[in-house]
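Notes to accompany the following structure.
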Amino acid sequence: MTTLTLAKSLNEGMRKAMEDDPKVLVMGEDVGKLGGVFRVTDGLQKDFGEERVIDTPLAESGIIGTAIGLALRGYRPVCEIQFDGFVFPAADQIITQLAKMPLRSLGALKLPVVVRIPCGGGIGAVEHHSESPEAYFTHTAGLRVVACSNPVDAYTMIQQAIRCDDPVVFFEPKRRYWEKAEVDTSAADGWLPFDRARIVRPGTDVTLLAYGPMVKTCLEAAAAAEEDGRSLEVVDLRSLNPLDAATVTDSVRRTGRCLVVHEAPVFGGFGAELAARITEECFYSLEAPVLRVGGPSTPYPPSRLEEHYLPDLDRVLDAVDRAFAF
Amino acid sequence: MTADASRGAQAPPELVQLLTPEGERVEHPDYDIDLTPEEVRGLYRDLVLVRRVDLEAVALQRQGELGIWASLLGQEAAQIGSGRALTDADMAFPTYREHGVAWCRGVDPVNLLGLFRGVNHGGWDPAEHNFHLYTIVIGSQTLHAVGYAMGVQRDGAVGEDGAATIVYFGDGATSQGDVNESFIWASVFNAPVVFFCQNNQWAISEPLEKQSRIPLYRRASGFGFPGVRVDGNDVFACLAVTRQALKNAREGQGPMLIEAFTYRMGAHTTSDDPTRYRVQDELEAWKLKDPIERVRAYLFKNQLADQAFFDKIDAEADELGRDVRRRCLAMPDPEPLAIFDHVYAEPHRLMDEERAAFAAYLAGFESEESSR
Ligand SMILES: Cc1ncc(C[n+]2csc(CCOP(=O)(O)OP(=O)(O)O)c2C)c(N)n1
Ligand SMILES: [Mg+2]
């Protein structure tokens, strides 16, 4: 066991993957000498060389497009998009090519490309540096979409994503990069499959569904609610596509109430999919409608307003109250 | 360029320079400039004042008053030279680092701070100053500039009283698809646009070699318009070359690429640590080419300014710095409900609904407070 930050866990996970498989490459803007703006790739170029840890020209479409080509030639590129708001120049390559090429080849081609995206707000950044674009990608068939929330999962999930033969969009909660935990870096298997959700806090009254940065917020809310005698169950979805629906519906059937919490705008957000599905599958178990807690349906605001935009403990507890009021 | 035989022996020097780092005036066969002592003193003043505003902003960031700041240190001549070449009718599209150009366009420096302080995403009306909002997504603005120039073209605003458009971007930006597409559009439509690339040698931690194997100005020829490299630390040369390029654009001769060869003397932004990727010697070498020192030397040597003048400018700079600081600190945080403002130009049901719900939610806290 070692104490690692989430950023360092990702770094160690990538390092392990690169040691295990010489075909694994890391590519992106400033990932080499600088180690990425969040230092997630720190030291990798020094240890694996410039052929495997590639500082690319400043062009996201180029990063993903060439990663596809490298994958066609048998490599497993792990691409870093510097900030969530800069994935959009690569959207064409991701949506029209990466997601669909394997199908067009009737399964002959595999594209094991990982697209790492630091996501979410809370770090006081300027615009385009605090986005939560997951719904664009969960809406695109052919992509697996996952989000880690803590150092332990970061270490295992990044390796599982790299080993996966499908393209994976991998969200990293940037404001949690510096959170620490004890991580076992000796085990190489026995891990929870990366398309499975995890109940991170069992409870009996309400199910909170979250992923990425909001898992911690929900755990804090659950701790606070306990003082009021309410038992909240927190489920870390981990994988958004595919969704671990069994874990979700099982939890909701037990508790009878459900909140979905994400930073992204509520309108047309991933929570809408969850709410609809739970309504379809757990209708007779529900004591209240599935409630969504998320960002307003506006662009991410200037940083001095972000505390109002981002769901926090109070907003979650307010929704818990509303769920009980039905 | 040794490999380029077609340019012949008497080809002009690759770098257009009119003022050496030592403050000597030199001639260039294609570009010249005739400045009155008053104008040179004015340029000097601009350079000193924008550097001072920039230093103040860095200090404000260090003290937690700004979230981040992108310093223009070292790029003052490129920005003041090109910025002063613009007429009122010309339009400029900046990146996030064009504080010097903003100064030339009459944007109050305090208004630049809003975005970096996190109180707004912009902070000025682009039409009021013919200076567009800062653009953070690398390269996007190049296409906007070309489109704007196509509009100018369709308005028939050509000739002496016409309007040219200038767009700023960095060396790293030249790799973006948008920038290359903007070159194509400008070329095909003969748009009255000037591409002003500040090659400050670095894109965060990546040196120019990561973006290009040839000097950037030479990219233009492949797209079918002229390109020129100018000493970006020479305010005279930047002014002369940009003035000519804008004039050509206004007169219907189409686009031009200017590569201002300069250096980012500071960190990429206040969040960056350049000691991780570049050596101090490089900075020391560029310090000898400082854009302000050479104008000072020129003024001094030619007795166009005395010590009293330099002292007066320094005092003015200090006053400006203090003023910017004072007004930065006085900038109010926006109201929480401002999140819902200006998202749409027309009334929008969802905004109304969410604004009302959020107001009610906030009011809940207030009544909780007062009932305590
Ligand atoms: C599309 C996009 N990708 C990545 C970034 C992150 N980023 C901000 S500045 C920068 C480097 C820009 O270099 P250059 O174009 O040379 O301009 P400079 O900052 O040196 O003025 C990068 C990669 C961004 N803002 N936009
Ligand atoms: Mg640069």
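The values are calculated or read from the model by the stated rules, or taken from the named source; none is laboratory data. It should be emphasised that the depicted structure is a prediction, and the values quoted were computed from it without experimental measurement. Note: ideal-geometry Cβ built from the backbone for every residue, glycine included; neighbour counts use all protein chains shown. These accessible areas exclude ligands, DNA and RNA; they are computed on the full protein's heavy atoms, side chains included. Shrake-Rupley method; radii C 1.70, N 1.55, O 1.52, S 1.80 Å.
Results, tabulated for the structure shown:
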| item | result |
| --- | --- |
| Projected area, mean over directions - the stretch A:198-325, Cα convex hull, nm² | 7.3 nm² |
| Chain B: calculated mean residue ellipticity at 222 nm from DSSP helix runs of at least 4, using -39500 (n - 2.57) | -14000 deg cm²/dmol |
| Theoretical gain in end-to-end length, B:A330 to B:D311 [0.36 nm per residue, Cα-Cα removed] | 4.0 nm |
| Normalised contact order of chain A, rounded percent, pairs of Cα under 8 Å and 6 or more residues apart | 16 percent |
| Within the accessible area of chain A (1.4 Å probe), percent carbon and sulfur | 52 percent |
| Gaussian network model of chain A, Cα within-10 Å springs - most flexible of A:E233, A:E182, A:E306 | A:E182 |
| Inverse mean reciprocal Cα-Cα distance (Kirkwood Rh) of the protein assembly as shown, Å | 27.5 Å |
| Sulfur and carbon atoms: percent of accessible area, chain B [1.4 Å] | 52 percent |
| Charge context of A:V183, other residues only, Cβ under 10 angstrom, K/R +1, D/E -1 | -2 |
| Mean accessible surface per residue for chain A, computed with a 1.4 Å probe while every protein chain stays in place, in Å² | 38 Å² |
| Shielded by partner chains, the stretch B:133-164 residues - at least 40 Å² of accessible area, 1.4 Å probe, vs chain alone | B:I136, B:V137 |
| Fluctuation leader among B:R349, B:R51, B:R105 - chain B, Gaussian network, Cα springs under 10 angstrom | B:R349 |
| Label-point separation, B:S367 to B:E39 (7 Å along Cα→Cβ), nm | 6.8 nm |
| Pairwise Cα inverse-distance average, inverted: Kirkwood Rh of chain B (Å) | 22.1 Å |
| For chain A: rounded, prolate or oblate by the Cα gyration tensor [a/c cutoff 1.5] | prolate |
| Residues with amide H under 5 Å from that of A:R292, placed H, sequence gap 5 or more | A:V260 |
| Net charge dipole size for the protein assembly as shown [Lys, Arg +1 and Asp, Glu -1 on Cβ; Debye, nearest 20] | 1440 debye |
| Label-to-label distance, nm, for residues given as A:R277 and A:E220 (7 Å Cα→Cβ offset) | 2.7 nm |
| Local electrostatic count at A:V53 - Lys and Arg +1, Asp and Glu -1, tallied over other residues with Cβ under 12 Å | -3 |
| Solvent-accessible area buried by pairing A with B, both sides, nearest 100 square angstrom, 1.4 angstrom probe | 3300 Å² |
| For chain B, accessible area per residue (1.4 Å probe, heavy atoms of protein chains only), Å² | 44 Å² |
| Mean separation of Cα contacts under 8 Å (6+ apart) over length of the stretch B:37-329, as relative contact order % | 25 percent |
| Residue-by-residue Karplus 3J(HN,Hα) for the stretch A:171-181, coefficients 6.51, -1.76, 1.60, Hz, glycine and proline x | 8, 10, x, 4, 6, 9, 3, 9, 6, 10, 7 |
| Positive minus negative residues near B:G147 (Lys, Arg vs Asp, Glu; Cβ under 14 Å) | -2 |
